[in-house]
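The values are calculated or read from the model by the stated rules, or taken from the named source; none is laboratory data. From a predicted model like this one, the values you see are computed outputs, not experimental measurements. In this analysis, Cβ positions are derived from the backbone assuming ideal geometry, glycine residues included, and neighbour counts consider all displayed protein chains.
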Amino acid sequence: MNINWVRIYNRLFEIINSEGECYFSGGRFIGSVREIDPYFPGYNQYIAERRRAGKSTSRKDYFYDILLGFDEIDRLRVINVILNEVQDCASDKVAEIRDLLGGAAAVPSPMVHKEAWNAERLNKYLEEIDYSISTGNYDRAVSLAYTCLEGFLKAFVRQNVPTSAGTTEIIDLSKVVRRYLRETIEDFPDEAINMINHICHTVDKARNRFSESHFDERAERWLAVLIRDLVNSEIRLLLHFMKD
């Protein structure tokens, strides 16, 4: 799936150019950009540079130039930061843009605890899953989702059940986690604990059988989105039980 960035941008600018909570001044827009690239110039510095170069300082022009200056992965990350900010004040239009992006980031990506196994790498996986879905690379999205969940389960087991740190298979890891939660948490619904194992089985089977399945493009996309969201949900749940 090829992303029509001009179409995406025009729809995005329609939202952030409206009055009220959705409005993005130049400073607010660049502030969102700096969440992804903290070394991007500040607003005053950037505008001064454009003036020296004789470039337009119209918000619509330089917002577009900034976005197109990033590679596609970081461009998508910037857009998702902005969409998250305007979700409440333009939910319908935000949903339309997310659909054009392939359903990426339908639920917020979890921020992995800094002390967990290679947290930066896990966060990068979550972003790349969204990017793979957006560009129609559904097989890669499912494979990345498997790797992300596997890595996090290993981190969880290593931190909470060190005697089982040598466990490697995702299904076996889920059993260790499920047993740990049952033994350490009172009054936690069995259905929720069992869901951890069910999700791991679903992700495992999807990863192993995805290439053998014959879906049309839309069905492939929604399977990839489902797997991404299941992984998101499981990690977000287990983060509550990670020790500080």
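Residue-by-condition table, conditions (1) closer than 19 Å to residue 229 by Cβ; (2) acidic (Asp, Glu):
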position	(1), (2)
130	yes, yes
138	yes, no
151	yes, no
165	no, no
168	no, no
200	yes, no
206	yes, no
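Go through 221, 158 for me and flag whichever is at pLDDT below 90, basic (Lys, Arg) and touching a Gly at 6+ places or on another chain (Cβ under 9 Å). Don't jump to the end; show me each part of the working.
Working: 158 fails: touching a Gly at 6+ places or on another chain (Cβ under 9 Å).
Of 221, 158, the one residue that is at pLDDT below 90, basic (Lys, Arg) and touching a Gly at 6+ places or on another chain (Cβ under 9 Å) is 221.
Look through 240, 201 and report the one residue that is exposed (fewer than 15 other Cβ atoms within 10 Å of the Cβ), farther than 27 Å from residue 2 by Cβ and at pLDDT 85 or above. Give the derivation first.
Values: 240 fails: at pLDDT 85 or above.
Just a single option satisfies the conditions, and that option is 201.
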Legend entry - Counted residues, region 77-107 - those being at pLDDT 85 or above and in contact with a Ser or Thr (Cβ under 6 Å, 6 or more places away or on another chain): 2
Inset, instruction - Please determine, by comparing only the residues of region 1-33 that are among the hydroxyl-bearing types (Ser, Thr, Tyr) and modelled with pLDDT under 95, which one is farthest from residue 91 (Cα to Cα). - result: 32
Inset, instruction - Answer yes if at least one residue in region 142-151 is in a helix (DSSP H, G or I), out of contact with any Pro (no Cβ under 8 Å at 6 or more places or on another chain) and farther than 30 Å from residue 71 by Cα, and no otherwise. - result: no
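From the list 160, 137, which one is on the phi < 0 side of the Ramachandran plot, without any contact (Cβ under 8 Å) to a residue 60 or more places away in the chain and surrounded by fewer than 21 Cβ atoms within 10 Å (Cβ to Cβ)?
Values: 160 fails: without any contact (Cβ under 8 Å) to a residue 60 or more places away in the chain.
Result of the check over 160, 137: 137.
Of the residues that make up region 144-151, is at least one more than 15 Å from the chain's Cα centre (by Cα), surrounded by 14 or more Cβ atoms within 10 Å (Cβ to Cβ) and not basic (Lys, Arg)? If you could, list the steps in order and put the result at the bottom.
Narrowing region 144-151 to residues more than 15 Å from the chain's Cα centre (by Cα): 150-151.
Now narrow it down to the ones that are surrounded by 14 or more Cβ atoms within 10 Å (Cβ to Cβ): 150-151.
After this cut, where a residue has to be not basic (Lys, Arg) as well, the list is 150-151.
Taking every residue of region 144-151 in turn, at least one turns out to be more than 15 Å from the chain's Cα centre (by Cα), surrounded by 14 or more Cβ atoms within 10 Å (Cβ to Cβ) and not basic (Lys, Arg).
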